[in-house]
Amino acid sequence: MMTPRTKAPSLASLCIKSLKLQLLQSDNPPIPDLYELPSELLEGVVAHLPALALHNFQTHMPFNCCLDSYESGDDCLINNGRKRARNDVLGNSWKVLFELRWPEFIDHVESPADWQHLYWEKHLQNCVDEAAEVALRPTFSGRICSINVSDNILRYICHDDHMTCPKCVCKELSFHFRTFGPYLRCLRLLNVLCVTEISELLRKSKLQRLVLRWIRSEKHVEPLCKLLIQSRDTLTSLEFIHCKLSSNSINAICASLHEKGIHTTGMQRFSIKTSSIEIDPLAAPSSFIAFLMSVRTLHSLHFCDGNLDRHIARMVFSTLLDSSSNLSSLDLSENNISGWLSTFSWRSVVGSPSSGKSLRSLCKLNLRGNELDKYDAENLAYALLHMPGLESLDLSGNPIEDSGIRSLISYFTKNPNSRLADLDLENCELSCCGVIEFLDTLSMLEKPIKFLSVADNALGSEVAEAIVNSFTVSIESLNISGIGLGPLGFLALGRKLEKGSKKLLSINISKNRGGQETARFLSKLIPLAPRLISVDASYNLMPPESLLMLCDSLRTAKGDLKRLDMTGNSCINHKADHSTLLSEFQHSGEPIFVLPSSLASHVPYDDDP
């Protein structure tokens, strides 16, 4: 009896394996005859190449290759002057490799995409994150560039036989930056990698966006500044997270970004988040002031949760008043800056053509959670007149009270053509009277507000009529979560809802303890709001019969509702089978109803202190 033999590999598979190993030798160009193969055979070879081999294949590809389909433009050139092929065969191969390695990110990539660029950029970020873990070990004492990339990463770009080869040069981190550095545009760096050699590693890169984390020592700042000077011509976005920045550090960083005497730079976004900023407002860093004053390309400036006090905020704001930037977004949220505008003589400077140069271009202002009171709101109303282009204002989490909202009423009265379209007044200690007065003012504006939140203010049921008037006239998105409507409030909403709301796109009525009246109101609203796409009705103590009522309303409505959040309501029995409900009511293949996934989600919302 003959012993069964293992099936021998085919000649084709042996040839492809040999080609893979040769293409993985980046120092040796592949055999010229490879590119002379018929297109169908060459496509078969390309489809089996790992990432490094495909990169080398593409790098050495001649102009007359049968796969070529070249784009014009400078971005098609690589270091050796050859054009990169951008046809479907190579592009699809890179997409397949990307999806194989990072399947969870494939749906987040916008089309059209340069898959080769995306692949190597994300690969380098993985290498950097892994190197940071190694460098953080107490036993590490070597050079960053000599850190070996793990087999978990190498197996995606190399052949197994190549990884175990003693001559393999792709194990060290330096190889990856030397070979794929030109593809790197965005990078996240931990403090442990802010060392002298990082500039050399990134020498071939043209960084556009850089995110720094945990920079808390002066020893990290000097190497960082060297990298910033090296990347100054291409860098457009710089972000610091969980950092501790002294006055000297900020001065050095800004000096690296902005060359003295030159009033232009490519920096568009500067952000410091969840960090500690230690600046003496009486001796403000000169380079920081010069940066704010002279960088004309600066569009976004964020100091969120940076331990700013009113003196630093006042210094930043006064500098921006005379700067030449075209600022569109300013974020000073989650600080403690009450009183920051108290020393400005707004009444005397309003209307002056020389005041507020950069603030005139401001579109978005975020002042969330800054302990601002009614006096701050009064000063802000004058400051807003310097911002004729403002479209979004976030004042949530500030105890401005009714006096503060009346200052905003004064602003709208003086400026009826205001472009402000998005206003967040969540948790501002407002009362029913103040909000009713405010909503009545909004209804008379020539350009009414489109997005409004008065959530988490104790307004009660009396505010119902003013709310109905607001979203039946102009408002597209309304957040009235947790305002204490109760059953009486929803009953009043339903009674006042007589004409349709043709503009309403989304509404949040969660945490209002409306019970059955919540469902009655929604059943009436849904057919009358043909553009409504999102409803949050969670935690409203709706009884079981509410679900049937809403289903009947959805069956008769002719709208475009995509999402109805019902979590935290007793009408949803966690033991019941809702598969029929989920399959009947869908939008683009996704269930409209958002139901709780566990018993814990069924606990009613409790807003009692």
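Going through (1) touching a Cys at 6+ places or on another chain (Cβ under 7 Å); (2) at pLDDT below 95 one by one, GLU121 falls short only on (2).
Residues of region 200-211 that are over 15 Å from LEU257 (Cα atoms) and surrounded by 16 or more Cβ atoms within 10 Å (Cβ to Cβ): GLU200, LEU201, LEU202, SER205. Against the test of being open to solvent by 10 Å² or more (accessible area, probe 1.4 Å), under 31 Å from the mean Cα position of the chain (by Cα) and either more than 21 Å from SER506 (Cβ to Cβ) or among the polar types (S, T, N, Q) (or both), the options PRO388, PRO448, PRO416 yield a single qualifying residue, PRO388. Residue under question is TRP102, and the condition is that it be without any contact (Cβ under 8 Å) to a residue 24 or more places away in the chain and in contact with a helix residue (DSSP H, G or I) (Cβ under 7 Å, 6 or more places away or on another chain); does it hold? Yes: the conditions hold for TRP102. For region 351-391, taking the residues that are of a type in the set (A, V, I, L, M, F, W, C) and part of a loop (DSSP other than H, G, I, E, B), the one that is modelled with the lowest pLDDT is identified as MET387.
Under the condition of being open to solvent by 10 Å² or more (accessible area, probe 1.4 Å) and either in contact (Cβ under 8 Å) with a residue 60 or more places away in the chain or out of contact with any Phe, Trp or Tyr (no Cβ under 9 Å at 6 or more places or on another chain) (or both), the residues counted in region 114-125 number 3. If you go through region 156-181 and keep only what is charged (D, E, K, R) and modelled with pLDDT of 90 or more, you end up with GLU172, ARG178. Can you say whether CYS433 is open to solvent by 40 Å² or more (accessible area, probe 1.4 Å) and within 22 Å of THR413 (Cα to Cα), as far as the supplied structure shows? Yes, satisfied. Regarding GLU465, is this residue at pLDDT 95 or above, within 18 Å of ASN512 (Cβ to Cβ) and charged (D, E, K, R)? Spelling it out, it is not the case that GLU465 is at pLDDT 95 or above, within 18 Å of ASN512 (Cβ to Cβ) and charged (D, E, K, R). When SER237, SER199 are checked against the criterion of being over 17 Å from ILE277 (Cβ atoms), of a type outside the set (D, E, K, R) and within 25 Å of the chain's Cα centre (by Cα), a single residue qualifies: SER237. LYS499 meets all of the listed conditions (1) within 35 Å of the chain's Cα centre (by Cα); (2) surrounded by fewer than 23 Cβ atoms within 10 Å (Cβ to Cβ); (3) not in a helix (DSSP H, G or I) but one, namely (1).
Annotation note: Cβ proximity below 7 Å between a residue of region 222-250 that is under 21 Å from SER300 (Cα atoms) and open to solvent by less than 10 Å² (accessible area, probe 1.4 Å) and a residue that is of a type in the set (Phe, Trp, Tyr) and outside any loop (DSSP other than H, G, I, E, B) (sequence gap 6+ or interchain) occurs for LEU238/PHE270; ILE250/PHE288. Please verify whether region 262-276 includes one or more residues that are at pLDDT 95 or above, in a loop (DSSP other than H, G, I, E, B), out of contact with any Asp or Glu (no Cβ under 8 Å at 6 or more places or on another chain) and surrounded by fewer than 18 Cβ atoms within 10 Å (Cβ to Cβ). Among the residues of region 262-276, not one is at pLDDT 95 or above, in a loop (DSSP other than H, G, I, E, B), out of contact with any Asp or Glu (no Cβ under 8 Å at 6 or more places or on another chain) and surrounded by fewer than 18 Cβ atoms within 10 Å (Cβ to Cβ), which makes the answer no. Quick check on region 302-324. Is at least one of its residues farther than 28 Å from ASP422 by Cα and either at pLDDT below 90 or exposed (fewer than 15 other Cβ atoms within 10 Å of the Cβ) (or both)? No. For region 111-158, taking the residues that are small (Gly, Ala, Ser) and outside any loop (DSSP other than H, G, I, E, B), the one that is farthest from the chain's Cα centre (by Cα) is identified as SER146.
Looking only at region 554-594, residues that are open to solvent by 30 Å² or more (accessible area, probe 1.4 Å), at pLDDT 75 or above and either more than 20 Å from PHE521 (Cβ to Cβ) or not in a loop (DSSP other than H, G, I, E, B) (or both) come to 12 in all. Residues that are touching a Lys or Arg at 6+ places or on another chain (Cβ under 9 Å) and open to solvent by less than 70 Å² (accessible area, probe 1.4 Å) within region 419-430 comprise LEU420, ALA421, ASP422, ASP424, GLU426, listed in sequence order.
The values are calculated or read from the model by the stated rules, or taken from the named source; none is laboratory data. Every value quoted in this text rests on a predicted model; they were computed, and no experiment measured them. Every residue, glycine as well, gets a Cβ built from its backbone with ideal geometry; the counts of neighbours run over all protein chains shown. Heads up: the accessible areas ignore ligands, DNA and RNA and are worked out on the full protein's heavy atoms, side chains in. Shrake-Rupley method; radii C 1.70, N 1.55, O 1.52, S 1.80 Å.
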